[in-house]
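Heads up: the structure comes next, in structure tokens.
The values are calculated or read from the model by the stated rules, or taken from the named source; none is laboratory data. Fair warning: this is a prediction, and the values are worked out from it, not measured in the lab. Glycine also receives a Cβ, built like all others from the backbone with ideal geometry; neighbour counts cover every protein chain displayed.
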Amino acid sequence: MPNAPQPILLTGVNGQVGGALLPMLQAFGPVIAPTRAELDLSDPDAIRRFVRKVQPRWIVNPAAYTAVDKAETEQEAAFAINAVAPTVLGEEAAAIGAPVLHFSTDYVFAGDGETPWQETDSTGPLGVYGASKLEGELGLAETGAAHLIFRTSWVYGATGNNFLRTILRLAKEREEMKIVADQYGSPTWSNDLARLVVHTIERTEELAGQENATLREAVKRLAGTYHAAGSGYTTWFEFAKNFVALAQAQAPEQRFARLLPIASAEYPTPAKRPGNSRLNCEKLTTQLGFTMPPWQDSVAQVMAAIQAAA
Ligand SMILES: NC(=O)c1ccc[n+]([C@@H]2O[C@H](COP(=O)([O-])OP(=O)(O)OC[C@H]3O[C@@H](n4cnc5c(N)ncnc54)[C@H](OP(=O)(O)O)[C@@H]3O)[C@@H](O)[C@H]2O)c1
């Protein structure tokens, strides 16, 4: 009997990116996607046991501690999931020759200036979340596992916990809403990130086949950190204006809140946010052959999906 194909191990399946990834990855064969109850990523021994048992051919790790403000008081949890877990996954992956696809964030940067950040720019996280994600990047890289890290920003989708869904809900309840208009970045649809992962797996498996190389060797050719966010830049205020206008067009009878632009200083949060979260994504296009769609196109698709599901 032929051997069963080695599975893909996917973490964070109940999250935005993990949820988008599950159906897409299933096209490649078996996917093992443990929930938090089945694999607690804050337990390094549990991670080791799980990977050794599953023997995956890929590890895709969108799981993360993403509560940016709460992280300021829950440092231990944030570092366990964002820094230790990717490192342990990397160690186990290196031992079995499985490549790792990992996600990181614009919050690794200090957020000053107006120039879009490049992968080679100096980091300087402003808070615990960014610091923990940066340590995860460095920890994974040090393990020697073949890996790609996708730094993304402002992730949203038709489901899950995100800015677009929160604002849409509140905009139906309130007369007016104040939205920060001095932080610049790129909204990124979870499905676009999932398609990027599919592209990466297809590209490297094809490369391995063509060159008679191992998957690990093929991934090493493309390995490194890539910025991957929706194309174009905007502010939270303009992003909200865009999708609330689409919602209004879909439901002309519904009253939506008037949106008012404010400065970050008028909306203090426990964790400081970067003013400049723009990510330069040219490397993704030139080296990996994938271009993220314009953020407005993806928002339009998400709003159509929300309307279709209503
Ligand atoms: N969201 C953003 O705006 C944003 C921006 C920049 C970068 N990123 C990065 O993009 C990636 C994907 O983010 P996302 O938006 O998909 O995140 P998300 O929706 O918050 O999902 C995170 C997932 O991680 C899981 N998780 C958290 N702690 C865990 C633990 N101890 N054990 C097992 N699983 C655990 C969660 O499980 P439960 O479902 O059980 O909670 C959830 O499924 C992350 O690396 C994140 O840092 C996100």
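Descriptive notes on the structure:
- Flag for V60 being touching a Ser or Thr at 6+ places or on another chain (Cβ under 8 Å), more than 19 Å from L222 (Cα to Cα) and of a type outside the set (S, T, Y): no
- Figure legend. Inter-residue proximity from the stretch 143-157: first residues touching a residue at least 12 places away in the same chain (Cβ under 8 Å), second residues among the basic types (K, R), beta-carbon distance below 8 Å, spacing 6+ or different chains. Indicated pairs: A146/R216; A146/K220; Y156/R165.
- Some residue of the stretch 176-192 being among the aromatic types (F, W, Y) and buried (at least 18 other Cβ atoms within 10 Å of the Cβ): yes
- Output for the stretch 177-217, where each listed residue is assigned to a helix (DSSP H, G or I) and either aliphatic (A, V, I, L, M) or in contact with a strand residue (DSSP E or B) (Cβ under 8 Å, 6 or more places away or on another chain) (or both): S190, L193, A194, L196, V197, V198, T200, I201, L207, A208, L215
- Where A171 falls short, out of the listed (1) among the small types (G, A, S); (2) over 17 Å from L246 (Cβ atoms); (3) more than 10 Å from the ligand (Cβ to nearest atom): (2)
- Of the residues making up the stretch 33-60, those that are near the ligand (Cβ under 8 Å from one of its atoms) and small (G, A, S) are A37, S42.
- Selected residue (criterion: farthest from the ligand (Cβ to nearest atom)) from residues of the stretch 103-158 that are aromatic (F, W, Y) and in contact with a Gly (Cβ under 8 Å, 6 or more places away or on another chain): F109
- Boolean, F290 is over 22 Å from H227 (Cβ atoms), at pLDDT 95 or above and part of a loop (DSSP other than H, G, I, E, B): no
- Check on A228, over 17 Å from the mean Cα position of the chain (by Cα) and within 16 Å of the ligand (Cβ to nearest atom): no
- Among the residues of the stretch 258-280, those that are assigned to a loop (DSSP other than H, G, I, E, B) and of a type outside the set (G, A, S) comprise Y267, P268, T269, P270, K272, R273, P274, R278, N280.
- Inspection of the stretch 133-145 finds a residue satisfying the criterion of being on the phi > 0 side of the Ramachandran plot, surrounded by fewer than 24 Cβ atoms within 10 Å (Cβ to Cβ), not in a helix (DSSP H, G or I) and not hydroxyl-bearing (S, T, Y).
- Here the stretch 106-132 is the region considered, the condition is being surrounded by fewer than 19 Cβ atoms within 10 Å (Cβ to Cβ) and charged (D, E, K, R), and the residue that is nearest to the chain's Cα centre (by Cα) is E119.
- Considering K241, K283, K220, the condition of being at pLDDT below 95, part of a helix (DSSP H, G or I) and within 30 Å of A110 (Cα to Cα) is satisfied by K220 alone.
- Inter-residue pairs, beta-carbon under 6 Å, first among the β-branched types (V, I, T) and in the stretch 244-257, second exposed (fewer than 13 other Cβ atoms within 10 Å of the Cβ) and not in a helix (DSSP H, G or I), 6+ apart: none
- P7 meets each of the listed conditions (1) under 17 Å from G90 (Cα atoms); (2) within 14 Å of the ligand (Cβ to nearest atom) apart from (2).
- Yes/no for L21 being under 20 Å from A93 (Cα atoms), near the ligand (Cβ under 10 Å from one of its atoms) and buried (at least 18 other Cβ atoms within 10 Å of the Cβ): yes
- Yes/no for A63 being near the ligand (Cβ under 8 Å from one of its atoms) and out of contact with any helix residue (DSSP H, G or I) (no Cβ under 6 Å at 6 or more places or on another chain): yes
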